[in-house]
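Read the figures in this text as sums done on the coordinates, not as results from a lab. Since the model is a prediction, treat every value here as computed from it, not as a measurement. As a convention, Cβ positions derive from the backbone with ideal geometry for all residues, glycine included, and neighbour counts pool all protein chains shown.
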Amino acid sequence: MSRMIRLFCTLVLLTLSCTAQTSGKKRVAVLDFDYGTVQSYVNEIYGSNQDVGKGITDMLVEKLVSDGKFSVIERKALDKIMAEQNFSNSDRANPATAQKIGQILGVDAIIMGTITKFGRDDHSKSYGGVGFGRAGIGLGGIKKNESKAVCAISARVVDTTTGEILAAVTGEGESKRSGTSLVGLGAGRGGGGGGGFDTHASNFGQTLLGEAVTQAVGDVGAKLDNSAANVPTKKVDVAGIVADVSGNTLIINVGSKTGLRVGDKLEISRPLRQIKDPTTGKVIKTVSSKVGDGTVTEIDADSATLSFNGSGPAKVGDVAKTPQ
C-alpha cells in the first residue's frame, strides 16, 4: 500500500510541476514580418509579389509553439484586431503599432521583424584548359554553375507596456548545390520558376530556398526561446460585472484595457448583502457566494466573452473577478 501512496504522490507532484511550467509561459503575438527590403527579389523569383513575410511568420509561430517557451496568440485573433484597428502591412515594423496591438490582446510581448535576405546568391566559376584539335592548340575552359539560396531574418521582442525592445535577434540560413534551381521548378530569369511561395507545400523544405528559409527560422526561433526570460509577466487583478447571459456564455463589462486576456479564468460570484459602517453608512464589506467559474474565450478593449461552468445559472449583475 505504501508503494501505491508514494506512486500517487509522485504523479501528483509531476502534474503540479507540469501545470506550473505551462502557466509560466510568456504570452506573445507574432506580427507578420515585413519583407519590403527583399520585395524586388521576390518578384524576380516568382514573377509576382508574394507575401513571404506572412509565410515565414507562420513557420516561426509553429517553431515557437513546438518549442514550448511561449504561449502564442492564434492568427485569427490577431487578424481580427488588425482589421478592427485598421492596421495595414506598412505597420508591420512599427513598435508603436506592436505596443497598441499587444495591449488590446493582453499579451506580455509582441514579436515583430523583417526579412533582410531572401533569394539567390549564385557564383559561376570558369576553369581554364588547353584543347588539341586538327587546327592546332587552342585555349578553352569549363564553366560551372553553383546555385546558392540565402535567407536572413531580424526579429525583435517588444514590451507591450513600455514599448521597450526586450530582445533583438537575427537568424540566417543558406543552401547550395550545383545545377539546381532555386525553387525546384523550371528555372527562369531569376533562377526560380512558376508557382507561389507556399511554406506548407510538400516539397518546400527540399528546395534550395526552402532549406535556407527553414534554417533561418530555426536559428531565429532558438534565439527567441533563449530571450523568453527577458519578457516580464503581467499579473493583473480584474473585477467586472456580468452584463449578459446566454446559456453558458457570459459577457462582462471589462476587457483587454484591464490586462485581461483570452484563456484567463475568473471567479463568478453573486453579492448577497452589504455590510455598512453604522457610524458613516459606508459599505465596508460585501458578502458574496461563488456560483461558478468563467474562462475568457473572446475579448476586445471594453468587454470579454466567458464560457461559464457552475452549479447554477449565472445572472446579470453577478461579479467576475480574478481568483485570490
- [ ] List, in order, the whole-Hz ³J(HN,Hα) value for each residue of region 288-297 obtained from phi through the Karplus relation with A = 6.51, B = -1.76, C = 1.60 and θ = phi - 60°; use x for Gly and Pro.
- [x] 10, 10, 5, 10, x, 10, x, 10, 5, 10
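Quick one: compute the contact order of region 230-324, relative version, from alpha carbon pairs under 8 angstrom and 6+ residues apart, as a percent. Kindly include the intermediate steps, with their values, before the conclusion.
Values: 230 pairs, mean separation 35.8, N = 95.
Taking the mean separation of contacting Cα pairs over the length of region 230-324, I get 38 percent.
On a full-extension model of 0.36 nm per residue, what is the gain between ALA229 and GLU44, subtracting their alpha-carbon distance, rounded to one decimal in nm? Write down the numbers at each step before the final one.
Working: separation 185, 0.36 × 185 = 66.60 nm, distance 4.03 nm.
Residue separation times 0.36 nm, minus the Cα-Cα distance, leaves 62.6 nm.
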- [ ] Mind giving me the FRET efficiency for ASP277 and THR249? R0 is 35 Å, r the Cβ-Cβ distance, nearest 0.05 is fine.
- [x] 0.35
Task: Inter-site label distance for GLU84 and ASP67 at 7 Å from Cα along Cβ, in nm - done: 2.9 nm
Open item on the list: If I model a spin label at ARG270 and GLU74 as a point 7 Å from the Cα along the Cα→Cβ vector, what separation in nanometres do I get?
Closed with: 3.2 nm
- [ ] List, in order, the whole-Hz ³J(HN,Hα) value for each residue of region 242-259 obtained from phi through the Karplus relation with A = 6.51, B = -1.76, C = 1.60 and θ = phi - 60°; use x for Gly and Pro.
- [x] 5, 9, 7, 10, 9, x, 9, 10, 10, 10, 10, 8, 10, x, 5, 4, 7, x
Open item on the list: Within a 10 angstrom radius of the beta carbon, how do TYR46, TYR35 rank from fewest other beta carbons to most?
Closed with: TYR46, TYR35
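Determine the gain in length on full extension of the stretch GLU174-SER307; use 0.36 nm per residue of separation and subtract their C-alpha separation, reporting nm with one decimal. Kindly include the intermediate steps, with their values, before the conclusion.
Details: separation 133, 0.36 × 133 = 47.88 nm, distance 4.70 nm.
Stretched out fully, the GLU174 to SER307 stretch lengthens by 43.2 nm.
Among 210-219, 280-289, 65-74, how do they line up from the highest to the lowest mean number of other beta-carbon atoms within 10 Å? Display every interim value, and only then the final one.
Working: 210-219: 21.7, 280-289: 10.1, 65-74: 16.4.
Most protected by this proxy first, the peptides run 210-219, 65-74, 280-289.
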- [ ] For region 305-318, take each phi angle, set θ = phi - 60°, evaluate the Karplus expression 6.51 cos²θ - 1.76 cosθ + 1.60, and give the result in whole Hz per residue in order, putting x for glycine and proline.
- [x] 9, 10, 8, 9, 9, x, 6, x, x, 7, 9, 4, x, 5
TODO: Please give the FRET efficiency for SER202 paired with ILE284, using the beta carbon to beta carbon distance and R0 = 41 Å, rounded to the nearest 0.05.
DONE: 0.05
TODO: With just the Cα atoms of region 239-321, tell me how far they stretch along each of the three principal axes, in Å, largest first.
DONE: 44, 29, 17
